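Novice: Provided herewith is a single structure, encoded as structure tokens, for subsequent inquiry.
The values are calculated or read from the model by the stated rules, or taken from the named source; none is laboratory data. This one's a predicted model, so the numbers in the text were calculated from it and none came from an experiment. We place every Cβ from the backbone using ideal geometry, glycine too, and count neighbours over all the protein chains shown.
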Amino acid sequence: MTRRPLEVLCDFDGTIARVDTVDLLLERLADSRWRTLEDAWVRGEIDSRACMAGQVALLRGGWPAIERVLAEVDLDPTFARFVAWCRAAEIVLRVASEGIDRVICHLLARSRIVVDDVWASTLVEEDGGALALRFPAIRRTRCGAPFCKCALFPRRSHRPVRVLIGDGRSDFCAAGYADVVFASSKLAIHCQQHDIPFVPFEDFGAVARVLHQRLPLVTSAFEPASSAS
Ligand SMILES: [Mg+2]
Ligand SMILES: [Zn+2]
């Protein structure tokens, strides 16, 4: 079965998960130095990779402590149906996050949700029990930063139509390269301020409805003209 030349890349924290899981874990398990790193990132003094690496090293209690905190995290209740809808519509659905893969996979598995791929950093436990991050291999980002979601939107003539769904700062750069952007919260404000066309959304039901309406339009652009029969 060939899949539609359409990929949905969906942010996790604040988009699928109701809260930012990384911030929640830092608030509960790290000392206050994580805020200093966060502020430096927001001011643009360090990139997101340096910020995340420094912050994760501050987490105490290892995976068992993380799992206890994650018990409080709810996922958007409309996401599971959206995943099923994508599968039925033969749309590739990838989670694209600057957060932690094990956290994402744990929460998706808890809700018995299976996506096509999770792009995120890998959490590793070092010999002394300290936590560290391994970042996904990136050939090139569009913006030149070492770690950025825009790496998932390469400049290629033949590539699937890429849809970005997101809410925050980690989506700002990629929104400029996505073919269709669904934005809420800070990302919607960013798109407005930078003249990036976007579709505001409340939940994943709304995303599915809009994609369903636009599907022939977005996919036909990538079908050879001679394919009409
Ligand atoms: Mg987010
Ligand atoms: Zn970028």
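Novice: Going by the conditions given, is Ala130 more than 13 Å from ligand 2 (Cβ to nearest atom), at pLDDT below 95, surrounded by fewer than 19 Cβ atoms within 10 Å (Cβ to Cβ) and over 14 Å from the mean Cα position of the chain (by Cα)?
Specialist: So Ala130 fits the description; yes.
Novice: Taking interchain pairs and intrachain pairs at least six residues apart, which have beta carbon atoms under 7 angstrom, with the first residue in the stretch 93-106 and within 11 Å of Leu70 (Cβ to Cβ) and the second among the polar types (S, T, N, Q) and within 16 Å of ligand 1 (Cβ to nearest atom)?
Specialist: Within 7 Å, the pairs are Ile100/Ser121; Val103/Thr21; Ile104/Ser97.
Novice: Only one residue in Pro154, Pro146, Pro160 is more than 13 Å from ligand 1 (Cβ to nearest atom), farther than 25 Å from Arg102 by Cβ and out of contact with any strand residue (DSSP E or B) (no Cβ under 7 Å at 6 or more places or on another chain). Which one?
Specialist: Of Pro154, Pro146, Pro160, the one residue that is more than 13 Å from ligand 1 (Cβ to nearest atom), farther than 25 Å from Arg102 by Cβ and out of contact with any strand residue (DSSP E or B) (no Cβ under 7 Å at 6 or more places or on another chain) is Pro154.
Novice: Here is a follow-up. Any idea which residue in the stretch 24-33 is surrounded by the most Cβ atoms within 10 Å (Cβ to Cβ), counting only those that are under 16 Å from Gly61 (Cα atoms) and modelled with pLDDT of 95 or more?
Specialist: Top of the filtered list is Leu25.
Novice: Return yes when Ala120 is within 16 Å of ligand 2 (Cβ to nearest atom) and in contact with a Gly (Cβ under 7 Å, 6 or more places away or on another chain) and no when it is not.
Specialist: Here the answer is yes, as Ala120 does meet what is asked.
Novice: Does Gln213 meet the test of being loosely packed, with under 15 Cβ neighbours inside 10 Å, part of a helix (DSSP H, G or I) and either within 16 Å of ligand 2 (Cβ to nearest atom) or at pLDDT 95 or above (or both)?
Specialist: So Gln213 fails the test.
Novice: When residues of the stretch 98-127 are filtered for being surrounded by 18 or more Cβ atoms within 10 Å (Cβ to Cβ) and in contact with a Pro (Cβ under 9 Å, 6 or more places away or on another chain), how many remain?
Specialist: Final tally of qualifying residues: 4.
Novice: Restricting the search to the stretch 84-107, which residues are out of contact with any Asp or Glu (no Cβ under 9 Å at 6 or more places or on another chain), modelled with pLDDT under 95 and not in a helix (DSSP H, G or I)?
Specialist: Within the stretch 84-107, Ala89, Glu90 qualify.
Novice: If you check every pair at least six apart or on different chains, which have Cβ atoms under 6 Å apart with a residue in the stretch 124-142 that is in a loop (DSSP other than H, G, I, E, B) first and a residue that is more than 14 Å from ligand 2 (Cβ to nearest atom) second?
Specialist: These pairs meet every condition: Glu126/Ala132; Gly129/Gly62; Phe135/Ser121.
Novice: Checking Lys186 against (1) in contact (Cβ under 8 Å) with a residue 24 or more places away in the chain; (2) closer than 21 Å to Glu38 by Cβ: exactly one of these is not met. Which one?
Specialist: So the condition that Lys186 fails would be (1).
Novice: Next question. Tally up the residues in the stretch 154-180 that are within 11 Å of Val8 (Cα to Cα), within 16 Å of ligand 2 (Cβ to nearest atom) and hydrophobic (A, V, I, L, M, F, W, C), please.
Specialist: Adding up the residues that qualify gives 2.
Novice: Let me ask another. Sort out which residues of the stretch 179-199 are aliphatic (A, V, I, L, M) and either modelled with pLDDT under 95 or assigned to a strand (DSSP E or B) (or both), and write them in order of number.
Specialist: Passing the criteria: Val180, Val181, Ala183, Val199.
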